[in-house]
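The values are calculated or read from the model by the stated rules, or taken from the named source; none is laboratory data. Everything quoted here is computed from the prediction, not taken from an experiment. All Cβ positions, even for glycine, are placed from backbone atoms using ideal geometry, and neighbour counts span all protein chains on display. Remember, those area values only see protein heavy atoms, side chains included, never the ligands or the DNA or RNA. Shrake-Rupley method; radii C 1.70, N 1.55, O 1.52, S 1.80 Å.
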Amino acid sequence: MTRVAWPPKGSLQRRLALALTGGVMALWLLATVAAGLLLRREIDEVFDSALQEVVQRVLPLAYAEILGREADALPDLQQVASVGAHREYITYIVRDATGRRLLESHDADPAQFPPNPAHGFSDGPSSRLYTEVAVSGTIVVTAAERPGHRQKAVRDAVGMLAWPLLLLLPLGIAGTWVLVAVTLRPVTAFRREIEARGSGHLAPVSGAHLPSEIAPVAEAVNALMTRLRRALDAERSFTANSAHELRTPVAAALAQTQRLRAELPEGAARARTVEIETALKRLARLSEKLLQLARAEGAGPLGETPQNLVPALRLVLHDLSAEGTVEVALPPTGRFVSTLDMDAFAILARNLIENALKHGDGNRPVRVALSDEGQFSVISPGPVLGPEILAGMTQRFVRGAATADGAGLGLSIVQAITQGVGGEIAFVSPASGQEDGLEVRVELPAAKLTAG
C-alpha cells in the first residue's frame with residue numbers, strides 16, 4: 001500500500017494554516033499602516049500646536065524684553081541662556097521689521113529660518129515653521145521644529161507596532177498549525193480509514209465526530225462501498241458457484257471419455273476422443289483455478305494464528321516433483337512463521353511454481369527461495385521478457401507469448417492473495433544474478449509463534 005506523506009503539499013491543514021496566518025499578518029500590517037497614517041496626522045496637530053504655543057508664549061516676553069532695553073542696546077543680539085545642558089526640539093528667533101535678529105533661543109540655527117517668513121505655518125528647507133507678526137510689524141517671532149523630529153516619532157511608533165510581527169509570525173504559524181490539526185483530527189481519522197479500505201476490506205467507515213460539511217462525504221463513501229461490496233460478492237459468488245457446478249459434470253464427462261477411448265479401436269474415432277479428453281482436462285483445470293481465484297478474493301488470506309509455512313511449501317514441491325526439476329533454498333532454521341493462512345500460501349506457491357515449470361525452459365531447473373524476512377521468489381528459466389509483457393502478467397486469461405497449456409489465471413490468483421495481506425508482487429527479467437529468465441518476488445507477512 002502506498003504511504004502518503006503527511007501533511008501533503010496540497011493538504012487542507014497546510015492551506016488553512018498558511019491562509020489564516022497570512023490573513024492575520026496582512027490585517028496586522030494594514031492596521032499598522034492605518035495606525036501610522038492616523039498617528040502622523042495626530043502628531044502633526046500636536047507638534048503644530050506646540051510651535052504655535054511657543055511663539056505665543058515668547059511674543060509677550062520678547063516684547064517686554066525689547067522695550068525694557070536702553071536705546072543703545074537694541075542693535076545687539078540677545079541669546080536666552082540655557083538652564084542646564086539640553087537639546088531643544090523647538091527653537092525660535094525674534095526679529096524686527098528689517099530682519100535683524102533681536103532675540104533667539106540658545107540652540108537656534110539661523111540657517112533653518114528663512115529671511116522673510118509668512119505669517120502662520122510654513123515649511124522650511126528641512127523643518128516646520130510658525131511665524132507671528134506683532135506691534136504693527138515691528139516684531140516677528142518665528143519658531144522652528146528640529147528637522148526630522150516628527151518623522152522619527154512616527155517611525156518609532158509604527159516600528160513598535162510592526163516589530164512584534166517577527167515574533168508573532170512563527171508563533172502564529174505554529175499556533176494555527178496546531179489548532180487546525182486538532183480541528184481536523186476527525187477528518188484525518190476519516191482519511192486513514194478510507195486508505196485502509198481495499199478489495200478485501202470494505203467495511204463502512206466511521207463518520208463519528210466529523211464536521212457537518214464532511215459527514216455527507218462519509219455517508220456517500222459508505223453507500224459506494226456497500227454497492228461495491230455487493231457487486232464483488234455477486235461476482236465471486238457467480239465464479240465460485242459456476243466453477244463448483246462444473247466440477248462434477250466435467251469429471252463425469254472426463255471419466256466417460258476416458259472409458260470410451262479405452263474401448264474404441266485405433267482410428268479416427270479414438271483420436272477424436274483424445275481431443276475431447278484434452279478439452280475436458282483443460283476445463284477441469286479452469287474450474288479449479290476459478291475456485292482458487294474466488295477463494296483468494298473472497299475469504300481473508302490471513303490466518304487466525306501464526307503458522308510455519310515451510311511444511312506447506314514442501315508439500316507443494318512434492319506434488320509437483322513429477323513435472324520438472326526444482327532447486328529449493330529454505331531459511332537456515334527450516335521454518336518461516338507468518339500470519340498468512342497456510343492454505344492460501346499453498347495456493348500461491350503452487351501457482352507460481354506450476355507456472356515456472358510449465359512456461360520455463362524444461363532443460364534447466366526452476367529455483368525457489370524463501371528467506372527469513374518473508375521474501376518468496378520463484379525463478380523460471382527462459383528468455384528475457386520486455387517491460388510491456390511484464391506489465392500485463394497479472395491480467396486474467398493473459399498468457400503472453402507462452403505456448404504451453406494454461407488458464408491464464410495463476411498470477412491473478414497470486415496477486416489477489418498478495419494484496420489481501422498487504423504485500424507486493426514484483427516481476428524481474430532477467431532474474432537476479434542471471435542473464436535471462438523471469439523472477440517473481442512476493443513479500444509475505446512475517447510473525448512470531450506465540451508461546452503455549
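In a residue-by-residue description of the range 318-341, the property of being within 15 Å of Val442 (Cα to Cα), open to solvent by less than 50 Å² (accessible area, probe 1.4 Å), touching a helix residue (DSSP H, G or I) at 6+ places or on another chain (Cβ under 6 Å) and among the small types (Gly, Ala, Ser) applies to no position.
The set of residues in the range 207-220 being under 21 Å from Arg230 (Cβ atoms) and at pLDDT 80 or above consists of Val217, Ala218, Glu219, Ala220. When the residues of the range 65-77 are filtered to those that are outside any loop (DSSP other than H, G, I, E, B) and exposed (fewer than 13 other Cβ atoms within 10 Å of the Cβ), the one that is modelled with the highest pLDDT is Leu67.
In summary, Ala426 fulfils each of the numbered conditions (1) at pLDDT 85 or above; (2) crowded, with 18+ Cβ neighbours inside 10 Å with the single exception of condition (2). Can you pull out every residue in the range 305-317 that is within 20 Å of Leu411 (Cβ to Cβ) and either open to solvent by 70 Å² or more (accessible area, probe 1.4 Å) or in contact with a strand residue (DSSP E or B) (Cβ under 8 Å, 6 or more places away or on another chain) (or both)? Selection gives Leu309, Leu313, Leu317.
Table: residues versus (1) exposed (fewer than 14 other Cβ atoms within 10 Å of the Cβ); (2) over 60 Å from the mean Cα position of the chain (by Cα); (3) closer than 30 Å to Trp163 by Cα; (4) at pLDDT below 85.
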site	(1), (2), (3), (4)
Gly23	yes, no, yes, yes
Leu37	yes, no, yes, no
Gln52	no, yes, no, no
Tyr63	no, yes, no, yes
Ala85	yes, yes, no, yes
Ala97	yes, yes, no, yes
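Being under 56 Å from the mean Cα position of the chain (by Cα), assigned to a loop (DSSP other than H, G, I, E, B) and at pLDDT 75 or above is a condition met by no residue of the range 223-239. Out of all the residues in the range 253-277, which are at positive phi and open to solvent by 50 Å² or more (accessible area, probe 1.4 Å)? None - no residue of the range 253-277 is at positive phi and open to solvent by 50 Å² or more (accessible area, probe 1.4 Å), so the list stays empty. Residues of the range 347-369 that are closer than 18 Å to Gln434 by Cα and open to solvent by less than 40 Å² (accessible area, probe 1.4 Å): Ala356, Leu357, Gly360, Val366, Val368, Ala369.
From the list Thr339, Thr333, exactly one residue is farther than 28 Å from Leu385 by Cβ, in contact with a strand residue (DSSP E or B) (Cβ under 6 Å, 6 or more places away or on another chain) and among the hydroxyl-bearing types (Ser, Thr, Tyr). Which is it? Please lay out each step first, then the result.
Values: Thr333 fails: in contact with a strand residue (DSSP E or B) (Cβ under 6 Å, 6 or more places away or on another chain).
So the residue among Thr339, Thr333 that is farther than 28 Å from Leu385 by Cβ, in contact with a strand residue (DSSP E or B) (Cβ under 6 Å, 6 or more places away or on another chain) and among the hydroxyl-bearing types (Ser, Thr, Tyr) is Thr339.
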